[in-house]
Protein chains: 2
Amino acid sequence: MPHAFVFDAYGTLFDVHSVIARCDQLWPGKGTALSQLWRTKQLEYTWQRSLMKRYAPFSQVTREALQYSCELLKLTLGAKEEGALMDEYLNLKTYPEVPEALKKLGGRKAILTNGSPDMIEPLVRASGLQLDAVMSVDALKVYKPAPAVYEMAASRLKEKDIGFVSSNCWDALGAKSFGFTVYWINRGGAPLDRLGFRPDKIGTSLNEVLL
Amino acid sequence: MPHAFVFDAYGTLFDVHSVIARCDQLWPGKGTALSQLWRTKQLEYTWQRSLMKRYAPFSQVTREALQYSCELLKLTLGAKEEGALMDEYLNLKTYPEVPEALKKLGGRKAILTNGSPDMIEPLVRASGLQLDAVMSVDALKVYKPAPAVYEMAASRLKEKDIGFVSSNCWDALGAKSFGFTVYWINRGGAPLDRLGFRPDKIGTSLNEVLL
């Protein structure tokens, strides 16, 4: 087993779709559609802005993706609704097994996230998770899966033998392309992304893959 | 008006969803879902591979996106079905107004496309469209909206005053970020993407925007 583990945050430790309930409160019956579209656009904007060389922090990208999504779904997004939904991102739920799995797992543990410090720091604090480091792409102004992002984790942790853990297949494969040992937490039974690489191990939860 | 016009191909001149009929022949009732997912994954893979610095030609990316999409939708994709659907991409229909609009429009006209030569050259030939140049990102091994792509068009055409025309909002905004005058053909009434730029002109067809 590697001596250090680096975890993706959104979708891996924290359930981005735990915003569905609040979306449904605001627009009954629309929660799932809004949450899915919001996540899709959020990621698209990170890739497009990175390629355009027009980085903006994840908090801004997330807010802009929400505005786009509400317009597409014809949901009226006032300042109050926008504030409430952005606040949800500071209190996302961890997946059920995450707190115990991290406690049981030996070695150093860190987060490597797209989240800008204004989003990820309150979230980690609220979660109570104990981590040795929280690293954000914001230091580099480029998003995953650029190799510079994974390189930053390797150089900050001063560790070559790193296990990288993500539920986002493209993120896991970006880390594999860089050179990490990679664990794909495939919670939803998704197909493997065709990006020229394969994860070293695949399972449906942190427990199954790491413990 | 600009002296030269550069057009995106897929989604702008050629309707990528003209594959729906063939999809529906193969898997009745699944055509629209497959076509939409196929297009979404195709674009995601172009962005992810570009960021990973693992370029593969658009023909490969398109085939891999098809394989992923069929697996997700639980459609059995044999060699025969895969070949038939990939062939459709060499015979996509132009949007109805395109042939006449290009004839009427003055100035030099070129295509700037993600499509690799093995895909775009047969397609343009089959369409009968008359163009002064067909430029592919394949020469650069990076996909839109990287600024290097738009720069290539400017330098090959030796023209500063270029009008860039795309139905893909993120592509139009990538070109705007680079510095082109930009025309967004918003055929489906989509919201404006929030990427920090606005097109110079928006309309629902080439005729409305250019003639």
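The values are calculated or read from the model by the stated rules, or taken from the named source; none is laboratory data. Remember, predicted model here, so these are calculated numbers, not experimental data. Glycine also receives a Cβ, built like all others from the backbone with ideal geometry; neighbour counts cover every protein chain displayed. All accessible areas refer to the heavy atoms of the entire protein, side chains included, with ligands and DNA or RNA removed. Shrake-Rupley method; radii C 1.70, N 1.55, O 1.52, S 1.80 Å.
Quick look at the values:
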{"item": "Scan of region B:1-55 for residues that are surrounded by fewer than 24 Cβ atoms within 10 Å (Cβ to Cβ), basic (K, R) and within 25 Å of A:A146 (Cβ to Cβ), ordered by number", "result": "B:R39, B:K41, B:K53, B:R54"}
{"item": "Count of region A:59-91 residues which are among the charged types (D, E, K, R) and either under 21 Å from B:K144 (Cα atoms) or more than 12 Å from chain B (Cβ to nearest Cβ) (or both)", "result": "6"}
{"item": "Checking A:R156 against (1) farther than 20 Å from A:Q42 by Cβ; (2) of a type outside the set (S, T, Y); (3) within 12 Å of chain B (Cβ to nearest Cβ), the condition it does not meet", "result": "(3)"}
{"item": "Any pair with Cβ under 6 angstrom, 6 or more apart, that starts in region A:9-27 at a residue that is at pLDDT below 95 and ends at one that is assigned to a loop (DSSP other than H, G, I, E, B)", "result": "A:S18/A:L92; A:S18/A:K93"}
{"item": "Residue in region A:159-198 that is farthest from the other protein chains (Cβ to nearest Cβ), counting only those that are among the polar types (S, T, N, Q) and in contact with a strand residue (DSSP E or B) (Cβ under 7 Å, 6 or more places away or on another chain)", "result": "A:T181"}
{"item": "Pair list, Cβ < 8 Å and 6+ apart or interchain, from region A:121-143 residues that are at positive phi to residues that are open to solvent by 40 Å² or more (accessible area, probe 1.4 Å) and outside any loop (DSSP other than H, G, I, E, B)", "result": "A:G128/A:P99"}
{"item": "Tabulated pairs, region A:36-58, first more than 10 Å from every other protein chain (Cβ to nearest Cβ), second open to solvent by less than 30 Å² (accessible area, probe 1.4 Å) and outside any helix (DSSP H, G or I), C-beta under 6 angstrom, 6+ apart or interchain", "result": "A:P57/A:S116; A:F58/A:N114; A:F58/A:G115; A:F58/A:S116"}
{"item": "Given (1) open to solvent by less than 50 Å² (accessible area, probe 1.4 Å); (2) within 14 Å of chain B (Cβ to nearest Cβ); (3) closer than 16 Å to A:D15 by Cα, number of the condition A:S205 does not satisfy", "result": "(2)"}
{"item": "Residue match in region A:101-108 (condition: in a helix (DSSP H, G or I), of a type in the set (A, V, I, L, M), assigned by TED's automatic domain parsing to the domain that holds A:D138 and in contact (Cβ under 8 Å) with a residue 40 or more places away in the chain)", "result": "yes"}
{"item": "Number of positions in region B:161-183 that are open to solvent by 10 Å² or more (accessible area, probe 1.4 Å), touching a Gly at 6+ places or on another chain (Cβ under 8 Å) and not polar (S, T, N, Q)", "result": "1"}
{"item": "Single residue of region B:125-147 satisfying the filter (crowded, with 18+ Cβ neighbours inside 10 Å and within 14 Å of another protein chain (Cβ to nearest Cβ)) that is farthest from the chain's Cα centre (by Cα)", "result": "B:P147"}
